[in-house]
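Participant: What follows is a single structure, and I will ask about it in a moment.
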Amino acid sequence: MRKITMLGTGLIGNFYTSTLLGQRSRDQILICCAANEADAKAFAEKYGIPRWTTDMAKAINDPETDLVVVGIPNHLHKKAVLLAAKAGKAVLCTKPLGMNAVEAKEMLEAVEKVGVFSGYLEDLVYNPKTLKSIRSVQNGALGKVLWTRSREAHPGPHSDWFWKKELSGGGAIVDMGCHCIEIGRNFIGKDVKPLEVVCWADTQVHPIEAEDSAVAMIRYENGAIGQFEVAWTFRGGMDLRDEVSGTEGTIWLNHWLRTGFEMFTSVGQGGYVAEKAEGETGWLFPVGDEVSELGYVDMFTDMLNAVDKGTQPMETFYDGYIVNAIMDACYKSVKTKKWEPVMLDIWRGKAKTKTGVGHTEYDADHLLIKEEVMPDGKTKLILKNKKTGDIEQKILEH
């Protein structure tokens with residue numbers, strides 16, 4: 001059983017707390033912390049938490065807790081993690097790990113120096129469809145992964161601090177690009193080094209300093225490309241989609257707008273529909289089990305089981321550091337309009353290996369490029385002559 005300090009009582013704090021108290025059941029949140037007394041008190045009463053405070057250090061150093069969950073604004077992550085490390089407590093931190101890679105590295109080194117357990121709360125790699133897809137890819141179902149695409153778009157964040165660059169560290173890239181980057185890494189392989197990034201970003205709609213839209217490509221050492229699209233300008237709810245293409249197959253995932261639950265109502269369903277839903281009339285796409293579909297259930301099960309067993313969770317502070325470094329390169333590319341290198345002071349993946357895909361032999365003189373069945377039932381082969389390099393086609397008669 002874990003005895004928990006919960007930092008943050010906003011949307012993410014509610015998701016985290018309802019998951020923690022509703023799944024393993026044996027875990028307890030003994031103190032919560034918010035920026036103001038009214039929020040802290042109301043949150044404690046809502047979830048039956050015995051103590052509340054507005055003092056972060058007091059909450060972290062509570063003598064009865066052994067695990068700190070960080071669900072507060074980005075600019076406070078480093079402070080919270082360093083305090084938890086100093087207190088010798090296990091710590092789980094929401095995404096992004098730091099405001100930048102420098103902060104993330106300092107946080108990683110702080111927990112590793114004192115040997116406390118740490119986990120990176122990247123929920124969207126934990127939703128059931130993504131977990132099953134990752135296992136399929138790891139088992140070789142798609143062959144070598146060549147390209148991933150991850151898209152997250154909605155009308156914008158719930159809380160005011162997200163919109164303030166000095167508190168968040170950036171806009172849509174920091175808010176959602178971090179999800180997309182880590183989804184891509186899980187499919188391409190976390191031990192494959194990200195090399196360089198090209199990124200476009202702009203503020204298309206909202207009167208803010210940070211970007212509200214961005215598109216990027218990340219090139220990996222094995223030749224794979226990870227692509228992300230993020231926006232705070234999308235109307236109609238939340239669009240969460242992932243695609244993976246490999247030499248032997250393809251995966252398409254649609255997580256939110258097409259949930260398999262579609263409802264039309266002219267008067268409204270009488271309350272909350274789903275995260276980022278823009279209304280409650282007309283065609284709606286409710287979510288049956290939101291905390292599960294967003295990955296919170298499997299995420300906290302993995303994290304807390306790892307704490308209990310003394311093992312590494314699927315998502316670590318090191319992963320958070322890599323994501324921050326990739327986002328730093330994205331922001332630099334936005335300014336220079338060039339491919340920019342991903343600067344990693346710490347790399348624990350594979351050393352550079354020869355890249356490329358194995359060729360399929362057709363016969364002694366040809367390599368097979370493609371095989372397809374034509375409308376008349378005959379099979380067409382596209383071949384490459386090994387000696388001349390010429391591309392040829394051959395029709396097989398049945």
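The values are calculated or read from the model by the stated rules, or taken from the named source; none is laboratory data. Just so it is clear, the structure is predicted and the values come from calculations on it, not from any experiment. Ideal geometry is used to build each Cβ from the backbone, glycine not excepted, and the neighbour counts take in all protein chains shown.
Participant: Modelled with pLDDT of 95 or more and touching a His at 6+ places or on another chain (Cβ under 8 Å): does that describe ASP202?
Facilitator: Numbers: modelled with pLDDT of 95 or more: yes; touching a His at 6+ places or on another chain (Cβ under 8 Å): no.
Judged against the criteria, ASP202 is not a match.
Participant: Do we have VAL70 as within 15 Å of GLY10 (Cα to Cα), of a type outside the set (Phe, Trp, Tyr) and not assigned by TED's automatic domain parsing to the domain that holds ASP175 here?
Facilitator: Values: within 15 Å of GLY10 (Cα to Cα): yes; of a type outside the set (Phe, Trp, Tyr): yes; not assigned by TED's automatic domain parsing to the domain that holds ASP175: yes.
Spelling it out, VAL70 is indeed within 15 Å of GLY10 (Cα to Cα), of a type outside the set (Phe, Trp, Tyr) and not assigned by TED's automatic domain parsing to the domain that holds ASP175.
Participant: Only one of these is small (Gly, Ala, Ser), crowded, with 16+ Cβ neighbours inside 10 Å and assigned by TED's automatic domain parsing to the domain that holds GLY169: SER133, SER118. Name it. Spell out the reasoning first.
Facilitator: Numbers: SER118 fails: assigned by TED's automatic domain parsing to the domain that holds GLY169.
Of the residues listed, the single one that is small (Gly, Ala, Ser), crowded, with 16+ Cβ neighbours inside 10 Å and assigned by TED's automatic domain parsing to the domain that holds GLY169 is SER133.
Participant: Ok, one more. So if I check each of SER159, SER150, which one is modelled with pLDDT under 95 and either within 30 Å of GLU209 (Cα to Cα) or of a type in the set (Val, Ile, Thr) (or both)?
Facilitator: Numbers: SER150 fails: modelled with pLDDT under 95.
Sole residue among the options that is modelled with pLDDT under 95 and either within 30 Å of GLU209 (Cα to Cα) or of a type in the set (Val, Ile, Thr) (or both): SER159.
Participant: Considering only segment 242-256, state which residues are closer than 17 Å to ASN127 by Cα and surrounded by fewer than 18 Cβ atoms within 10 Å (Cβ to Cβ).
Facilitator: GLU243, TRP252, LEU253, ASN254, listed by residue number.
Participant: Working only within segment 153-176, note down all residues that are in a helix (DSSP H, G or I), of a type in the set (A, V, I, L, M) and surrounded by 19 or more Cβ atoms within 10 Å (Cβ to Cβ).
Facilitator: First pass over segment 153-176, keeping only residues in a helix (DSSP H, G or I): 160-163, 165-168, 172-176.
Next, only the ones that are of a type in the set (A, V, I, L, M) stay: 167, 172-174, 176.
Residues satisfying the conditions are ALA172, ILE173, VAL174, MET176.
Participant: Additional query: Which one of LEU368, LEU304 is farther than 30 Å from THR17 by Cβ and aliphatic (A, V, I, L, M)? Can you show your working first?
Facilitator: Values: LEU304 fails: farther than 30 Å from THR17 by Cβ.
On inspection, the qualifying residue turns out to be LEU368.
Participant: Only one of ASP55, ASP27 is free of Cβ contacts under 8 Å to residues at least 40 places away in the same chain, of a type outside the set (A, V, I, L, M) and either in the same structural domain as GLY171 (by TED's automatic domain parsing) or surrounded by fewer than 24 Cβ atoms within 10 Å (Cβ to Cβ) (or both); which? Please lay out each step first, then the result.
Facilitator: Values: ASP27 fails: free of Cβ contacts under 8 Å to residues at least 40 places away in the same chain.
On inspection, the qualifying residue turns out to be ASP55.
Each row is one residue, and each column tells you yes or no for (1) in a loop (DSSP other than H, G, I, E, B); (2) in contact (Cβ under 8 Å) with a residue 12 or more places away in the chain.
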residue	(1), (2)
ILE218	no, yes
THR233	yes, yes
GLY237	yes, yes
ARG241	no, yes
VAL244	no, yes
TRP252	no, no
